[in-house]
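What follows is one structure encoded as structure tokens, with my remarks underneath.
Read-outs throughout are calculated quantities, based only on the coordinates presented, and are distinct from any laboratory measurement. For clarity, every value in this text was computed on a predicted model and none was experimentally measured. Reconstructed Cβ throughout: ideal geometry from the backbone, glycine too, with neighbour counts over all protein chains shown.
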Amino acid sequence: MNYIVLDLEWNQAGDRHNKDFGLPFEILEIGAVKLNRKMKVIDTFDEIIKPQIYHSIHYITTKIINMDKTDFENGRPFSEVMEQFLDWCGRDYVFCIWGTLDLTELQRNMIYYGMDELSKGPLMYFDIQKFFSMTYEDGKLRRSLEWAVDYLHIKKDIPFHRAYSDAYYTAKVFKIIDSYKPEIEKYVSYDVFMIPQNKRQEVHANFRTYSKYISREFPDKNTAIEDKEVSSTKCYLCGRNAKKQMKWFSVNGKNYFCLAICKKHGYLKGKVRMKKADDGNVYVIKTLKLIDEEAAQEIRDKQDKLRLQRLEKRHSKKERTD
Ligand SMILES: [Zn+2]
């Protein structure tokens, strides 16, 4: 298996009236570095795409502002470059990205131009920005690529903010992280541009310190949270069903919480995030995590507070109508 370290540059509409809602971000450049299993660079990819939709470079697209408009006009159409890129990627590879955006926009551009989808269902990839945070910081903070390059004392021999150069530096950062902490590769990410359409395409990932589930689509939130698989609280360490201490409850209609107990491993916190699909359906991302007594109490408190608020609301409504 090879690593395809990928970076994209894209452009967007200058104002709302010119925006094509089918393609808010038009990819103008694809840069990539191919590493083999031993982290050796075996090939590179660097192509410019001729704009079809947005012909003036928007100022928010600061990353590419240092490029000349004529550079792009000499590029080739997206579909052509993309086909060449996929050939170049080969068969057995995993995408490595700085951050979480590029694969979504890449797939959106592909669908816009009528190309086949990259994957059925969510696409697994390595988020090197996340890897960096998990290796050197708290796992939550997100740094810029240049920050990481400075931190690791990587020589800045080419300018940043072109697709190829950012892929080049991302590959260097990844190589250092991977040699220091190879087990980081267990912490894969999933791009959910392609939402699971059936049970087979759903994602069940076990990260040893938490588990993640990405569901298929449901017509609404209630149907989703009542689904057997969505509401289940199976312990990811032993596979046993952890007994729920409460029903799933929602604070804001978006996030649902639950507390369960595994006989062997203790408290399990469940969190469900409701996500909207473009067609109006919803799908969920559920995480389960073993927690201590204190964190368990926080969930109980959260539920109590919510109950109280509802009670007060009902009470004041009643007073008004009396
Ligand atoms: Zn357990």
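Annotations
- Residues listed by number, the stretch 157-195, amide nitrogen under 13 Å from ALA295 label point at 7 Å toward C-beta: none
- Axial C-alpha extent at least 30 Å, average Kyte-Doolittle at least -0.5 - helices from the chain (DSSP): none
- Multiplying the residue separation of PHE21 and GLU229 by 0.36 nm and removing their Cα-Cα distance gives an extension gain of 71.5 nm.
- Förster-model FRET efficiency, 35 Å R0, ASP220 and ASP92, C-beta, rounded to 0.05: 0.35
- Cα centroid separation, the stretch 135-186 to the stretch 8-22: 29 Å.
- Gyration tensor over alpha-carbon atoms, the stretch 197-310, equivalent ellipsoid semi-axes in Å: 23, 19, 10
- Over the chain: helical MRE at 222 nm, DSSP H runs n ≥ 4 each giving -39500 (n - 2.57), nearest 500: -9500 deg cm²/dmol
- For the chain, the Kirkwood hydrodynamic radius comes to 22.2 Å, computed from all pairs of different C-alpha atoms.
- FRET efficiency for VAL251 and ILE42, using Cβ-Cβ distance with R0 set to 56 Å, rounded to 0.05: 0.70
- Using equal-weight Cα scatterers in the Debye expression, the normalised intensity of the stretch 2-189 in log10 at q = 0.10, 0.11, 0.17, 0.18 Å⁻¹ is -0.40, -0.48, -1.15, -1.27.
- Where no second cysteine Cβ lies under 4.7 Å, the cysteines concerned in the chain: CYS89, CYS96, CYS238, CYS258
- Taking other residues whose beta carbon is less than 14 angstrom from the beta carbon of LYS264, and scoring Lys, Arg as +1 and Asp, Glu as -1, yields +4.
- Rough spin-label spacing in nm, given labels placed 7 Å along Cα→Cβ, for ASP278 and ARG76: 2.6 nm
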